[in-house]
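Undergrad: Could you have a look at this structure, given as structure tokens, before my questions?
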Amino acid sequence: MSNSFRAYGRSRSVRVGIIAAAAAALVICSSASAQRQVDLPEGYIAGVVESANGPEAGVWVIAETSELKTPFTKIVVTDDDGRYVLPELPEATYNVWVRGYGLVDSEPVEGRPGDAGFALEAVIAETRQQAARVYPANHWYSMFTPPPESEFPGTGPDGNGISPEMTSQKQWLNNQKSACNFCHQIGNEITRRLDHMDHLGFESAEEAWGYRTQLGVRGTSMAGAFSAFGREAGMRLFADWTNRIEAGEVPDAPERPQGVERNVVVTLWDWGVDTSFMHDEISTDKNDPTVNAYGPVYAVSSGHGKLTVLDPIDNDTYELIIPTREDAREVRTRFPPPAVPSNFWGDQHLWGPEHPSDPHNPMLDRKGRVWMTSKIRNDQPEWCMEGSDNKYAQYYPLTFSNRQASYYDPETGEFVLIDTCFATHHLQFDNDPDQTVYFNELLGPILGWINTREFDRTRDEQATQGWCPQILDTNGDGQITRPWNEWQGEFDPSRDSEVRYNLYSVIPSPVDGAVWGASESYPGHIVRVDRGDNPPETCIAELYQVPDPGFDPRGIDIDSNGIVWAALAGSSHFARFDRSQCAILNGPETIEGTHCEEGWTLFRTDGPTFQGTDVPTDFHYFGWVDQHNVSGLGQDTPIATGSNSDSLLALDPETGEWTKLRVPYPLGFYHRGLDGRIDDPNAGWKGRGLWANYGTHLIWHVEGGQGTLGKIVKFQIRPDPLAF
């Protein structure tokens, strides 16, 4: 059974057509569904940036307009001589201004495409405090001082205030980053200050921190994370941080963009609404980045149960309501109303009750359809559970699924809903003939999948899905047999063993058909699952623990050679894992996952660190591998999300050097992933780009404050800073 629903609920109509430009090049492009004829803008503004000190190299020139169908911004970096070119500008009047480290923002000057010799005056900051206003959040967060190692294990409220469950400084930092930072930036202006709560009359910063970590749409989650520290210790240390900032202390300045970082062109469009929580975007098929060329870019608006869409050619946006199979009024939402009123929204229940589909992650298939993890119903159907005649349920029955699957077909304008026995969270397509899409659960250990080729043929949701539990071959005989050792039970080396590591992400290998997932269970693990020829009986799992000093893998991806890359959100490493280096793959030694340290290489990011530690303050929510060299930085370049540093972080594994693709405006570029699309393989840098979105839970934390809309961002890398 499946359901089809005609898309409805567009907040704005889409208008696909021709946009005016100072000059345009006609391009014929093919997408997954049809050919699209587009005119690309070739207007530009060029000039030089100078201050009282002369030409300013490595500063940003920002052009923004509200004259298009949605607000539009273009950002470039000046070259060694302070020169700049803003390329590919649609015809409009732009406010053009300068931002840079060591400067204060310049006054905007009106310009239009075709303006050459457009001189801009940069203003030198008079104080360190003035200059620091535009530093990324991770630099401000580097002023935070966590408890020293000598304070662990914690001694509780009658001792040092740290929870006895906190056994090490690394575990503290793991909670500080992955439990606190996973919703929004920390160190941006709203989080490093308390003056927006002055009207509440708190007697101390400690009291203010105790209050602010309970309020609003994510108050329950924040309170839980803060309690894990030990509330007394948490309030004391965060209060110390904000008190020092209030007294005028500032962090060290970031380095201005250098080298290839000056070749970056950043384009932003507004989309969504001022309460949007858009978890992820997608522009193309990961296995074929030419799919959907010049087509719409999509994001899932988790809190509002909508698909948010940008037409980057027409510079227009709209939203579609994602339906549920059961009556939406009866489907339970995972977003509770605020327990404590928000400073911004009071008791308003921002997310969930109206459209409860709770979409989390989108991916495009080869046909250009948008597949999503979304909620379609409440209770688990009987065919998933014990007593069913479904072979997967007979082998490993499932009793819980809080989110299922759906896709949107742009050709028909319909949503198709698919029930799944397993819960869904992230999804990824394999490159196999069956066009299999794989899912992780987040709240469970199951690897699930749908054979989409067969589903298209039969529309039979029960017959076209399957799942594997995590069973390790700990007796070393090359197969899985019952009975096996139960999870966290007594270990018998003559048996295989079940493990249950909740997976945060999933990626199939393009080389051998195995599927990998990342688990945050401290200190973190990656899990490999091979379905075999006759799943579920032939499903075999392998477990690998992240070695010290790394911890907390979240996002996982894989290169074209089958090498796994995992972004370690807690320790701020990009971890490379090469299974071919492992001397042992099965047997009793594999039960803890510590048997293959030789397979790991850790690359630590080069941002500032917490005081008294060597752990960077950036947060790598996810990672992505550029298998097809969309960026121009090289095939298989691994890119981590600098979710707390307003940047994408591209690694050169040969040198260990990092390239930062920074979004300097608006501050608060908290992103949860990225992808890359090739619109025209013959158009050089203009025909390709990386895409990411502002994915913070709290869009009103972004520069501009309450009323700010969501943003979608495109990155292009030119051959030099003056190319147009």
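Undergrad: Considering only residues of segment 379-427 that are in contact (Cβ under 8 Å) with a residue 60 or more places away in the chain and in a helix (DSSP H, G or I), which is nearest to VAL506 (Cα to Cα)?
TA: For segment 379-427, the residue satisfying everything is TYR392.
Undergrad: Here's another thing I want to ask about it. Checking the conditions here, which among ASP158, ASP115 is surrounded by fewer than 18 Cβ atoms within 10 Å (Cβ to Cβ) and more than 27 Å from GLY187 (Cβ to Cβ)? Steps first, answer last, please.
TA: Numbers: ASP115 fails: surrounded by fewer than 18 Cβ atoms within 10 Å (Cβ to Cβ).
ASP158 is the lone residue from the list that is surrounded by fewer than 18 Cβ atoms within 10 Å (Cβ to Cβ) and more than 27 Å from GLY187 (Cβ to Cβ).
Undergrad: Here is a further query. Working only within segment 461-498, note down all residues that are closer than 27 Å to TRP383 by Cα, in a loop (DSSP other than H, G, I, E, B) and without any contact (Cβ under 8 Å) to a residue 24 or more places away in the chain.
TA: Once the filter is applied, which keeps residues that are closer than 27 Å to TRP383 by Cα, in a loop (DSSP other than H, G, I, E, B) and without any contact (Cβ under 8 Å) to a residue 24 or more places away in the chain, segment 461-498 yields ALA463, THR464, THR481, ARG482, PRO483, TRP484, GLU486, TRP487.
Undergrad: Answer yes or no as to whether LEU427 is more than 21 Å from ALA328 (Cα to Cα) and open to solvent by less than 20 Å² (accessible area, probe 1.4 Å).
TA: On the way: more than 21 Å from ALA328 (Cα to Cα): yes; open to solvent by less than 20 Å² (accessible area, probe 1.4 Å): yes.
When the stated conditions are applied, LEU427 passes them.
Undergrad: Within segment 266-300, how many residues turn out to be of a type in the set (S, T, N, Q) and either at pLDDT below 95 or surrounded by fewer than 24 Cβ atoms within 10 Å (Cβ to Cβ) (or both)?
TA: Here is the first cut: in segment 266-300, the ones of a type in the set (S, T, N, Q) are 267, 275-276, 283-284, 287, 290, 292.
Then drop every residue that is not either at pLDDT below 95 or surrounded by fewer than 24 Cβ atoms within 10 Å (Cβ to Cβ) (or both), which leaves 267, 275, 287, 290.
Residues in segment 266-300 being of a type in the set (S, T, N, Q) and either at pLDDT below 95 or surrounded by fewer than 24 Cβ atoms within 10 Å (Cβ to Cβ) (or both): 4 in total.
Undergrad: Applying the selection to segment 618-664, what residues are small (Gly, Ala, Ser), in contact with a Pro (Cβ under 8 Å, 6 or more places away or on another chain) and either farther than 21 Å from SER142 by Cβ or surrounded by fewer than 21 Cβ atoms within 10 Å (Cβ to Cβ) (or both)?
TA: GLY623, ALA650
Undergrad: Here is a further query. Select the strands (runs of 3 or more DSSP E) contained entirely in segment 562-606, then report the ones holding at least 1 residues which are β-branched (Val, Ile, Thr) and open to solvent by 50 Å² or more (accessible area, probe 1.4 Å).
TA: Details: elements: 564-568, 573-577, 600-604.
Fully inside segment 562-606 and qualifying: 600-604.
Here's the yes/no breakdown for (1) under 30 Å from VAL250 (Cα atoms); (2) modelled with pLDDT of 95 or more; (3) in contact with a helix residue (DSSP H, G or I) (Cβ under 9 Å, 6 or more places away or on another chain); (4) surrounded by 17 or more Cβ atoms within 10 Å (Cβ to Cβ):
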position	(1), (2), (3), (4)
PRO41	no, no, no, yes
GLU50	yes, yes, no, yes
ALA63	yes, yes, no, yes
THR78	yes, yes, yes, yes
GLY82	yes, yes, no, yes
GLU91	no, yes, no, yes
ARG99	yes, yes, no, yes
LEU103	yes, yes, yes, yes
ALA125	yes, yes, yes, yes
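Undergrad: If a residue must be acidic (Asp, Glu), in contact (Cβ under 8 Å) with a residue 12 or more places away in the chain and more than 24 Å from ALA132 (Cβ to Cβ), how many such residues does segment 170-228 contain?
TA: Counting residues in segment 170-228 that are acidic (Asp, Glu), in contact (Cβ under 8 Å) with a residue 12 or more places away in the chain and more than 24 Å from ALA132 (Cβ to Cβ) gives 2.
Undergrad: Follow-up. Look through segment 460-491, keep the residues that are of a type in the set (D, E, K, R) and exposed (fewer than 15 other Cβ atoms within 10 Å of the Cβ), and return whichever of them is nearest to the chain's Cα centre (by Cα). First the steps, then the outcome.
TA: Of segment 460-491, the ones of a type in the set (D, E, K, R) are 460-461, 473, 477, 482, 486, 490.
Filter once more, keeping what is exposed (fewer than 15 other Cβ atoms within 10 Å of the Cβ): 460, 477, 482, 486, 490.
Details: ASP460: 32, ASP477: 39, ARG482: 39, GLU486: 34, GLU490: 38 Å.
Residue satisfying both the conditions and the ranking: ASP460.
Undergrad: Considering only residues that are hydrophobic (A, V, I, L, M, F, W, C), in a helix (DSSP H, G or I) and at pLDDT below 95, which ones fall in segment 201-234?
TA: At the first step, the residues of segment 201-234 found to be hydrophobic (A, V, I, L, M, F, W, C) are 202, 205, 208-209, 215, 217, 222-223, 225-226, 228-229, 233.
From what is left, the residues that are in a helix (DSSP H, G or I) are 205, 208-209, 222-223, 225-226, 228-229, 233.
Within segment 201-234, MET222, ALA223, ALA225, PHE226, ALA228, PHE229, ALA233 qualify.
Undergrad: Would you point out the residue of segment 669-720, among those that are in contact with a Phe, Trp or Tyr (Cβ under 7 Å, 6 or more places away or on another chain) and of a type in the set (S, T, N, Q), that is farthest from ILE639 (Cα to Cα)?
TA: By that ranking, first place goes to GLN706.
Undergrad: Only one of (1) touching a helix residue (DSSP H, G or I) at 6+ places or on another chain (Cβ under 6 Å); (2) buried (at least 20 other Cβ atoms within 10 Å of the Cβ) fails for PRO312. Which number is that?
TA: It is condition (1) that PRO312 fails.
Undergrad: Next up: Which residues, taken from segment 644-691, are part of a loop (DSSP other than H, G, I, E, B), on the phi < 0 side of the Ramachandran plot, in contact (Cβ under 8 Å) with a residue 12 or more places away in the chain and among the acidic types (Asp, Glu)?
TA: Once the filter is applied, which keeps residues that are part of a loop (DSSP other than H, G, I, E, B), on the phi < 0 side of the Ramachandran plot, in contact (Cβ under 8 Å) with a residue 12 or more places away in the chain and among the acidic types (Asp, Glu), segment 644-691 yields ASP679, ASP680.
Undergrad: Among the numbered criteria (1) assigned to a strand (DSSP E or B); (2) modelled with pLDDT of 65 or more, which single criterion is violated by GLU67?
TA: Of everything listed in (1) assigned to a strand (DSSP E or B); (2) modelled with pLDDT of 65 or more, GLU67 misses just condition (1).
Undergrad: Can you find a residue in segment 506-519 that is crowded, with 21+ Cβ neighbours inside 10 Å and farther than 17 Å from ILE563 by Cβ?
TA: yes
Undergrad: A follow-up question, please. Is it the case that some residue within segment 279-292 is under 30 Å from HIS196 (Cα atoms) and either in contact (Cβ under 8 Å) with a residue 40 or more places away in the chain or not charged (D, E, K, R) (or both)? Write out each step before concluding.
TA: Keep residues of segment 279-292 that are under 30 Å from HIS196 (Cα atoms), which gives 279-280.
Right, trim to either in contact (Cβ under 8 Å) with a residue 40 or more places away in the chain or not charged (D, E, K, R) (or both) and you get 279-280.
Yes, there is a match, as at least one residue in segment 279-292 is under 30 Å from HIS196 (Cα atoms) and either in contact (Cβ under 8 Å) with a residue 40 or more places away in the chain or not charged (D, E, K, R) (or both).
Undergrad: Could you figure out which of (1) touching a Pro at 6+ places or on another chain (Cβ under 7 Å); (2) in a loop (DSSP other than H, G, I, E, B); (3) more than 30 Å from LEU602 (Cα to Cα); (4) open to solvent by less than 70 Å² (accessible area, probe 1.4 Å) isn't true of TYR501?
TA: Status for TYR501: all satisfied but (3).
Undergrad: Now for a different question. Output yes when any residue across segment 151-160 is within 25 Å of HIS279 (Cα to Cα) and either at pLDDT below 95 or not hydroxyl-bearing (Ser, Thr, Tyr) (or both), and no when none is. Talk me through it step by step, then tell me what you get.
TA: Going through segment 151-160, the residues within 25 Å of HIS279 (Cα to Cα) turn out to be none.
Checked against the condition, which is being within 25 Å of HIS279 (Cα to Cα) and either at pLDDT below 95 or not hydroxyl-bearing (Ser, Thr, Tyr) (or both), segment 151-160 yields no hits at all.
Undergrad: Now for a different question. If a residue must be in a loop (DSSP other than H, G, I, E, B) and either under 19 Å from the mean Cα position of the chain (by Cα) or surrounded by 22 or more Cβ atoms within 10 Å (Cβ to Cβ) (or both), how many such residues does segment 522-543 contain? Give the derivation first.
TA: If we filter segment 522-543 for residues that are in a loop (DSSP other than H, G, I, E, B), which is where we start, we get 522-524, 531-539.
With the extra rule that they be either under 19 Å from the mean Cα position of the chain (by Cα) or surrounded by 22 or more Cβ atoms within 10 Å (Cβ to Cβ) (or both), the set shrinks to 524, 539.
Qualifying residue count, segment 522-543: 2.
Undergrad: Determine whether LEU667 is of a type in the set (A, V, I, L, M), open to solvent by 10 Å² or more (accessible area, probe 1.4 Å) and either within 25 Å of THR145 (Cα to Cα) or touching a strand residue (DSSP E or B) at 6+ places or on another chain (Cβ under 6 Å) (or both).
TA: In short, yes.
Undergrad: From the residues in segment 428-459 that are part of a loop (DSSP other than H, G, I, E, B) and farther than 16 Å from PHE400 by Cα, which one is nearest to the chain's Cα centre (by Cα)?
TA: Initial filter on segment 428-459 (part of a loop (DSSP other than H, G, I, E, B)): 430-435, 440-446, 459.
Still in the list and also farther than 16 Å from PHE400 by Cα: 430-435, 459.
Details: ASP430: 20, ASN431: 23, ASP432: 26, PRO433: 28, ASP434: 27, GLN435: 24, ARG459: 31 Å.
Per the criteria, the residue is ASP430.
Undergrad: If I ask for residues that are more than 28 Å from VAL546 (Cα to Cα) and without any contact (Cβ under 8 Å) to a residue 24 or more places away in the chain, which ones from segment 126-154 would you list?
TA: Hits for segment 126-154 are GLU126, THR127.
The values are calculated or read from the model by the stated rules, or taken from the named source; none is laboratory data. Computed from a predicted model, the values in this text were never measured in an experiment. In this analysis, Cβ positions are derived from the backbone assuming ideal geometry, glycine residues included, and neighbour counts consider all displayed protein chains. Each accessible area value is taken on the protein alone, full model and side chains, heavy atoms only, with ligands, DNA and RNA left out. Shrake-Rupley method; radii C 1.70, N 1.55, O 1.52, S 1.80 Å.
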